[in-house]
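These notes are about the structure you will find just below.
The values are calculated or read from the model by the stated rules, or taken from the named source; none is laboratory data. Not measured: the values here are computed from a predicted model. Quick reminder, even Gly has a Cβ in these numbers, built from the backbone with ideal geometry, and neighbours come from all protein chains shown. Note: areas computed on protein heavy atoms with side chains; ligands, DNA, RNA excluded. Shrake-Rupley method; radii C 1.70, N 1.55, O 1.52, S 1.80 Å.
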Amino acid sequence: MNLREGSIGNREGVCISALIAVTSSAFLDGGRTAYRFGNQMWIAVIAGAALSLAVFLLVVHAMERRGCDDLYAFYVDAFGNVLAIPFCTLTALLLIIAAALPLIRMLYTLQRFIFVDADTENILLYLLFSLWILTFLGFEPIGRTAKLFSMPVLFAFLLMILLGLPDYDRYRLYPLPGSAGASFLHQMGIAVLSFLPPLLLLLICGHGMHGIRTVKKIGCIAALVSVPLALLLQLAIGTAFSFLQLSNIDIPVYRLLLSVRGGMLLRLDKILLFVWLIGMLIAAAALIYGASLQLCLGWHMRDIRPAASVGCVFCATLVLLGNRSVSVLSVFYTVLLRFSGSLLLAAVLLPALISFMKKGRDLCGSAV
Amino acid sequence: MPIAWQILSTMGNITLKKGYRKSISLGSRLQRFFRFDLPSEEFELLETEHGEPKLFGQHSNDFYERSDTVRLVSAELSENEQRLKTECRSEINRDLIIRKFSVGGQQMAMLVFVEGLVNAQLICEFILRQAILAPSIPQDADIVQYVIEHVLAIQDAQPDADFDHAKQAILEGRSALFLDGASEAILMETRGFPSRSVGAPQNETAILGPHEAFTENIRTNVTLIRRLVRTDDLVCEFRSAGGRNNVRIGILYREGIANRTLVNEVKRRLASVDTLLVLSTGMLEQLAGERGNAFIPETLSTERPDRSAAALMQGQVVVLFDGNPLAAIMPATLFSLMSSPEDLYLRPAAGSVVRIARYFGAAVSTLLPPVFIALALHHQGMLSSQILATVLSSRQMVYLPLPVELLLMQILFQLIRQVGLNVPGALGQSVGIIGGLIMGQAAVAANIVSTVVLIVVALSGLGNFAIPDYRLQLASFYLRLVLVLLAWMGGLLGLSCAILVITAWLASLKSYGVPLLSPVAPKTESVGPVLFRGPLQQHRRATDYANTVGRGTV
């Protein structure tokens, strides 16, 4: 078997998970339509994160009850060997989508603000190459790289928040969503898409994290770290720009970076953006690795490299299709954004419910 | 004869290089190129006695394989003599001495050794004199045991029935005593070849630390370490490597502290080295390493006994190589490669400042040129107008593109450095001055390079010297070239992606099972060596990334 899972420690697990959650919540937003009825994104982050954590704990409890060490074993336990395959494939697809969605926004930002004359494909090649190498190296190096870059990303994050302090004003947080329930649910779905995939990744790579008990611990710590950061970011965006302004802003995070003006900080936006890019690439690589591992386990493949290659290319294709420069498919991004979160919830809740209906404990043998 | 051939024949008198035993002239090469019917003048060994080489030039392994059969020492003295003379080519090798004499006037014996490798005084006074003047051997005594116990006045004398062992011992500098009627030889420790005395370290100088360095003699090196590590658990296992060449290596570790798996892995890898050409720890490290192609070293090479002793105390393994004044410490991490022995001799604050300066130098060395290229070529908006104006004005008359200019200067810097290393002593410094100052000045004046690029290259070169390990300095140079190329292609995007990929690659590397980036990624409880140096009290604990047995019992 050449699945390159290795084993990572608690810190690496927390860093991977938190990095995915924070970068996704920073760059995954509903675009201009999200702020049509008010500035409710910061509330949606709390709700989405709480929902994700609750689902995660529920699934972990079900897995502990059945004695499963990873998500594939859990699927096999719930659905049997044959039905587990489509569920594994679905989970893998959704993870790749979760990896691609923030990259779409990042690619858009890079092309619009930094490499104005460059083609999308040219920029994408750099990202694809990096993703490919990272996923090939395996879970262990990804975890260690995440740990190494978590501090620079956190530093960039806090610097961005701190430098925007003069622009913040509390009144901009209003109006609260009120009657716009559908819009709030949409935002919550986006938040779920930010917070659930990293937790799901932990479940998939349960073996590499020394069992389900460690996964539970890592997941809870990662949520405790990432939710305040994501909330802080949304509050910073919400207090820096009113919902009317936000309705006309494509990438609020980059606009927050651009609000830093004057002196030696004039050119900080690009440097901070590239730090974000590194964090996002690590997050995407981790998700693609998780998807590839799930595919390998589901389809009984012994080598992760073909699956990882396919995952990277598929992710790059999604990024290319989702980018707004491909005008015909501009709705593509919205469709993915709208339904992926719900599908992801269904993909983990269904086996959990089935396992709760089954009698007996510790009957699940890991298939790895 | 056509005119063309006449010209070629004239050219045939021009030799390409002087000093070739059989120089191949330019004309001959050209003639051969155009006239395929001419026989080749070059010596080319296509076939061996084992038949044609395999595809892609591989050799059959059985040529190198040793025979498993044990050849015993013969009870006939003449047979042993004949074997030794034949196998050691004594007619050609005049330094192989076969000295026949009688022990106690009755027992014929033969002492064999290689002149120059042995201590002649030791042989004359404590073997030959003792044997010739010895009383006669009792009839019922075991001859070999009697000679060892009552005749030889030498510290290390062991009987051995294996003829090949005896032969190997002779070639290593020991002496073998063959007795007529005895089917064992007595192997004696008589090595005494000239060697360099213990001197000051040449490359790892420390102001506060001891001024002692390893020598080429493995015995001296072991003694230097034993003088510092006086615990009873220090073990030195002597083994051989290098196939038939049987080079002596010493594996030192603390039994009960060093991880057993690590020690076994080191032994396994060293035992697997079956290449004849192993002359230094550097070659041994490559052959025993997990990744022969990676340019980050897997072991820490040091010429300092105190550094080796510190590693042993921390539960690591040290390998000494006979004939090489360097010890290899394993496992090595990136942070240990970036550390200097003097870090521990300074107080924590001072040691930390020195370390930070070193890491800053390494970062400047590796990242400054690519960042400069990325900003100057792709992100001019990030540079202030003053800096941009300076860059533009300095490059106004320079006709080379900026990245080409920078790469050229980087390679020239390496050239000057290599020349400085190869030219002996004070002359090397002169070369550095001529190359660095005079040529740099002249190149700027001639508009071949710009002053800004010269400053960037000089700063990166200066930072490179802050890296303590020579192999890591070279690795930094290679990485810099890669980063410059990617910054040229993709600006900060290319640079970010390259930094990410390189970091992930480094995170995937391991040195004898230990991640290269530990104790940072993965985080361990180890106190160092990382960026900041803690108080020495923390160093009572062994390095936990080496997974020592009994942590905290150092």
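Key figures for this structure:
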quantity	calculated
Shielding by partners, peptide B:488-500 (average Cβ within 10 angstrom, other chains)	6
Point-charge dipole on Cβ atoms (K/R +1, D/E -1) for the stretch A:47-188, about Cα centre, debye to 20	320 debye
Extension gain from B:Q158 to B:L536, taking 0.36 nm per residue of separation minus the Cα-Cα distance	131.5 nm
Farthest toward positive dipole pole in chain A [+1 Lys/Arg, -1 Asp/Glu at C-beta], among A:I237, A:F155, A:L273	A:I237
Accessible carbon and sulfur surface of the stretch B:72-171 relative to its total accessible area, %, 1.4 Å	48 percent
Unit charges at the beta carbon, dipole of the protein assembly as shown: most positive-side option, B:S511, B:P135, B:I225	B:S511
When each of A:K147/B:K510; B:K85/B:K267; A:K270/B:K510 is checked by Cα-Cα distance, pairs over 26 Å	B:K85/B:K267; A:K270/B:K510
In the stretch B:87-159, the GluC sites (Glu not before Pro) that fall in loop regions by DSSP, at most 13 other Cβ within 10 Å	B:E91, B:E115
Accessible area in the full protein assembly, largest first, 1.4 Å probe, for B:V431, A:V310, B:V144	A:V310, B:V431, B:V144
Where chymotrypsin sites (Phe, Trp or Tyr not before Pro) fall in DSSP loop in the stretch B:64-144, at most 13 other Cβ within 10 Å	B:Y64
Three-way shape call for the stretch B:87-129 based on the alpha-carbon gyration tensor, with the a/c threshold at 1.5	oblate
DSSP-assigned coil residues among trypsin sites (Lys or Arg not before Pro) in the stretch B:83-168, each with at most 14 further Cβ atoms within 10 Å	B:R89, B:R94
Three-way shape call for the stretch A:1-143 based on the alpha-carbon gyration tensor, with the a/c threshold at 1.5	oblate
By accessible area with a 1.4 Å probe, ligands and nucleic acids excluded, highest first: order of B:S511, B:S385	B:S385, B:S511
Dipole magnitude (debye, nearest 20) for the protein assembly as shown, charges at Cβ of Lys, Arg, Asp, Glu	3360 debye
Residue mean of other protein chain beta carbons inside 10 Å, A:104-116	1
Reachable aspartates and glutamates, given that their alpha-carbon falls under 16 Å from the alpha-carbon of A:K359 and they are not under 8 places away in the same chain	A:E64, A:D77
The stretch B:148-158 - phi-based ³J(HN,Hα) in whole Hz, Karplus 6.51/-1.76/1.60, Gly and Pro as x	5, 7, 10, 10, 6, 10, 10, 5, 10, 9, 10
Per-residue ³J(HN,Hα) for the stretch A:61-72, Karplus 6.51 cos²θ - 1.76 cosθ + 1.60, θ = phi - 60°, Hz, x for Gly and Pro	4, 5, 5, 5, 4, 8, x, 8, 9, 9, 5, 5
Positive-end residue, the stretch A:163-318 charge dipole about Cα centroid, Cβ charges, pick of A:S226, A:T214, A:Y289	A:T214
Calculated FRET efficiency for the pair B:R347/A:R213, C-beta based, R₀ 35 Å, to 0.05	0.20
Inter-chain shielding of A:270-283 (mean C-beta neighbours from other protein chains, 10 Å cut-off)	3
